[in-house]
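This report concerns only the one structure given below.
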Amino acid sequence: MERIYNFSAGPSMLPEEIIEKAAAELLNYNGCGMSVMEMSHRSGEFQAIIDAAEADLRDLMGIPSNYKVLFLQGGGTLQFSMVPLNLLSGSGKADYIVTGQWAKKAASEAKKFGDIKIAASSEESVFTYIPKLKKEDFRADADYVYITTNNTIYGSRYPELPDTGNIILAADQSSNFLSQVYDVNDFGLIFAGAQKNIGPAGVTITIVREDLLGKAPENTPIYLDYKIHADKGSMYNTPPCFAIYMAGLNFQWIKKQGGVAALQKHNEEQAARLYDTIDNSSLFSCPVNKEDRSIMNVVFVTGNADLDKQFVAEAKSQGLVNLGGHRTVGGMRASIYNAMPDEGVDKLIEFMKKFQVSHRL
Ligand SMILES: *Cc1c(COP(=O)(O)O)cnc(C)c1O
């Protein structure tokens, strides 16, 4: 069977090349007579896999040596709890910018642990823009400011990071990790679930500045304390070995593409072609503020819910799948993560143009 173009927001497409490599190595990894799924996480073979994955990620993102890279479980969702548990260690205050459902969920979880202020929210306009804030908009004694760099459901992203002055910035990069260049030094903490731009679901990567570790309250459940994972090289307990292996293959693939800057250029070009198609169309429109548009999740609508459904169904029959918007917002969403080939975007644009001609109202 031929592979199809999968525009799912996550789990999402992976580069075919790495799936093929994993398939070739599945029964007998590197001559050791077993698959990665079967090997001890304490074995030399697996240690080499996780070490290489970390080293490649450090290379790709230019992660400074005073930051730890942790391979965790529990998805982005568990980070909504771990971030406040570990970082609310001074005033117990944190300021959240709510730009979508994921940020909203993170803020409501954090409220269980401290004094959380919503510094700004774009909910009143269905999250179609990114609020612009100044240093003075944050509480000077906040332990951290929290953002979601890319809003998977609403298709927006921060065109630039907010200036938080001396306050640490903590960021959920689940849906745009490794898709554009960031300076890790701008953050105290970055996390990302794997199933969008990293690999299969099951591993979550957290990058955290060393001096922020070891400040969680005494009664913090052991797994939720970043320090234990940092001290034990992400091997306090059994890590998600196979997902880490796949992430490592993906990091090698990204290096082969020329690194994050090269991918960013590619991602921006793909997104620009889709937004141009939408903006020049008499049928489709994009509700997101132009300068805040995501280069990973392209959201669009026809303005007619039935027609949207028809678009999604007809696209599927053409091998362009999972183009329905999030169940809470409807419409369409084309997630074009790092692994989406140009041909997938070409085919989608071609289909949009045809659909527009046959369904112009
Ligand atoms: C998908 C997503 C999450 C949730 O991830 P899970 O791994 O399902 O917990 C959190 N934040 C963002 C921005 C996401 O896109």
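Once you have a ≥ b ≥ c as the square roots of the Cα gyration tensor eigenvalues for region 250-361, tell me rounded if a/c is under 1.5, and otherwise prolate or oblate according to whether a/b is larger than b/c. Could the numbers behind the result be given before it?
Values: a/c = 1.99, a/b = 1.76, b/c = 1.13.
In terms of gyration-tensor shape, prolate.
As an exercise, use a Förster radius of 22 Å and the Cβ-Cβ distance of Lys132 and Asn185 to find the FRET efficiency, rounded to the nearest 0.05.
Working: r = 22 Å, r/R0 = 1.01.
So the FRET efficiency works out to roughly 0.50.
For Lys111, Lys227, Lys93, what's the largest-to-smallest order of accessible area, 1.4 Å probe?
On the way: Lys111 110, Lys227 80, Lys93 50 Å².
Largest accessible area first, the residues go Lys111, Lys227, Lys93.
Output the antiparallel fraction of DSSP beta bridges having both residues in region 105-226, as a percent to the nearest 5. Present the calculation step by step, with values, prior to reporting the outcome.
Details: 7 of 15 bridges.
If I count the DSSP bridges inside region 105-226, around 45 percent turn out antiparallel.
For Cα pairs less than 8 Å apart in space and 6+ apart in sequence, what is the mean separation divided by the residue count of the chain, i.e. the relative contact order in percent?
23
About the Cα centre of region 90-191, how large is the charge dipole given +1 on each Lys and Arg Cβ and -1 on each Asp and Glu Cβ? Please answer in debye to the nearest 20.
Values: 11 positive and 14 negative charges, 51 e Å.
Roughly 240 debye for region 90-191.
Given axes a ≥ b ≥ c from the Cα gyration tensor, I'd like to know whether region 61-179 is rounded (a/c under 1.5), prolate (a/b larger than b/c) or oblate. Intermediate results must be reported in sequence, preceding the final value.
Working: a/c = 1.27, a/b = 1.07, b/c = 1.19.
It is rounded, given that a/c, with a ≥ b ≥ c, falls under 1.5.
Which of Lys132/Lys227; Lys104/Lys353; Lys111/Lys196; Lys232/Lys255; Lys104/Lys132; Lys68/Lys255 have a Cα-Cα distance over 25 Å?
Beyond 25 Å between Cα atoms: Lys132/Lys227; Lys104/Lys353; Lys111/Lys196; Lys232/Lys255.
Once you place label points 7 Å from the Cα toward the Cβ at Arg327 and Lys112, how far apart are they in nm?
Label-label distance for Arg327 and Lys112, simple model: 2.1 nm.
Can you classify region 128-232 as rounded, prolate or oblate using the Cα gyration tensor, where a ≥ b ≥ c are the square roots of its eigenvalues, rounded means a/c under 1.5, and otherwise it's prolate if a/b beats b/c and oblate if not? Intermediate values should be presented prior to the final figure.
Numbers: a/c = 2.07, a/b = 1.14, b/c = 1.81.
Taking the square roots of the gyration eigenvalues as a ≥ b ≥ c, region 128-232 is oblate.
Which whole-number percent gives the relative contact order of region 201-341, counting Cα pairs below 8 Å spaced six or more residues apart? Please list the in-between numbers first.
Numbers: 115 pairs, mean separation 22.4, N = 141.
In percent, rounded to a whole number, it is 16.
Quick check: with the 1.4 Å probe, what order do Glu136, Glu109, Glu350, Glu268 take by accessible area, largest first?
Details: Glu136 130, Glu109 40, Glu350 100, Glu268 70 Å².
From most accessible down to least: Glu136, Glu350, Glu268, Glu109.
Place +1 on the Cβ of every Lys and Arg and -1 on the Cβ of every Asp and Glu in region 4-126, take the dipole about the Cα centre, and give the residue among Met34, Asn66, Ile50 whose Cα lies farthest towards its positive end.
Looking along the dipole axis, the top candidate is Asn66.
Rounded to the nearest 5, what % of the DSSP beta bridges within the chain are antiparallel ones? Please report the intermediate quantities before stating the final value.
Working: 20 of 39 bridges.
Of those bridges, close to 50 percent are antiparallel.
What whole-number value in Å² describes the accessible area per residue of region 252-361 for a 1.4 Å probe? Intermediate results must be reported in sequence, preceding the final value.
Working: 5150 Å² over 110 residues.
Counting only protein heavy atoms, the per-residue value for region 252-361 is 47 Å².
So the label point goes 7 Å from the Cα of Glu314 along Cα→C-beta, right? Which residues of region 256-282 then have their backbone N under 20 Å from it?
Label zone hits: 274-282.
In nm, what is the difference between 0.36 nm times the number of residues separating Asn289 and Glu123 and their Cα-Cα distance?
Taking Asn289 through Glu123 to full extension adds about 58.4 nm, to one decimal.
Two-decimal Rg/Rh of the chain from alpha-carbon positions, Kirkwood Rh?
Working: Rg = 20.8 Å, Rh = 21.3 Å.
Reported Rg/Rh, Kirkwood definition of Rh: 0.98.
At 0.36 nm per residue, minus the direct Cα-Cα distance, what do Glu218 and Lys21 gain on full extension? Give it in nm, one decimal, please.
Here the answer is 66.5 nm.
Tell me the mean residue ellipticity at 222 nm calculated for the chain from its helices only (DSSP H runs of n ≥ 4, each -39500 (n - 2.57), averaged over every residue, nearest 500). Don't skip to the answer; put the middle values down first.
Details: 9 runs with 123 residues, N = 361.
Computed mean residue ellipticity for the chain: -11000 deg cm²/dmol.
For Lys215, tell me the accessible area in Å² from a 1.4 Å probe, rounded to the nearest 10.
Answer for Lys215: close to 100 Å² accessible.
Order 138-150, 236-248 from most to least packed using the mean count of other Cβ atoms within 10 Å. Mind dumping the intermediate values first?
Values: 138-150: 23.2, 236-248: 20.6.
Put in order of decreasing packing, that is 138-150, 236-248.
Enter the Cα centre distance for the pair region 307-361 and region 225-246, rounded to the nearest angstrom.
Going from one Cα centre to the other spans 38 Å.
Just to verify a number: FRET efficiency for Glu269 and Arg139, C-beta to C-beta distance, R0 = 35 Å, to 0.05? Present the calculation step by step, with values, prior to reporting the outcome.
Details: r = 40 Å, r/R0 = 1.14.
Once the sixth-power term is evaluated, E becomes 0.30.
Given the protein chains as shown and a 1.4 Å probe, how many square angstrom of Val181 are accessible, to the nearest 10?
80
Using a 1.4 angstrom probe on the protein heavy atoms only, could you order Ser358, Ser8 from most to least accessible area?
Working: Ser358 80, Ser8 20 Å².
Of Ser358, Ser8, the descending order of accessible area is Ser358, Ser8.
Given a Förster distance of 22 Å, report the FRET efficiency between Gln252 and Arg3 from their Cβ-Cβ distance, rounded to the nearest 0.05. Provide the component values of the computation, followed by the final result.
Working: r = 21 Å, r/R0 = 0.93.
Between Gln252 and Arg3 the formula returns 0.60.
Kindly rank 338-346, 79-87 from highest to lowest mean number of other beta carbons found within 10 Å of each residue. Present the calculation step by step, with values, prior to reporting the outcome.
Values: 338-346: 17.6, 79-87: 24.6.
Listed from highest to lowest mean packing, they are 79-87, 338-346.
Taking a probe of 1.4 angstrom, what is the accessible area of Val312 in Å², to the nearest 10?
Number for this one is 40 Å².
For the pair Asn28/Ser65, report the inter-label distance in nm, with labels modelled 7 Å from Cα in the Cβ direction.
Distance between label points: 4.1 nm.
Can you give the charge dipole size of the chain about its Cα centre, rounded to the nearest 20 debye, using +1 on the beta carbon of Lys and Arg and -1 on the beta carbon of Asp and Glu? Provide the component values of the computation, followed by the final result.
Numbers: 35 positive and 43 negative charges, 126 e Å.
In debye, rounded to 20, the chain gives about 600.
The values are calculated or read from the model by the stated rules, or taken from the named source; none is laboratory data. The shown structure was predicted, so the numbers you read here are calculated from the model rather than taken from an experiment. Note: ideal-geometry Cβ built from the backbone for every residue, glycine included; neighbour counts use all protein chains shown. Keep in mind that these areas ignore ligands, DNA and RNA; they rest on the heavy atoms of the full protein, side chains included. Shrake-Rupley method; radii C 1.70, N 1.55, O 1.52, S 1.80 Å.
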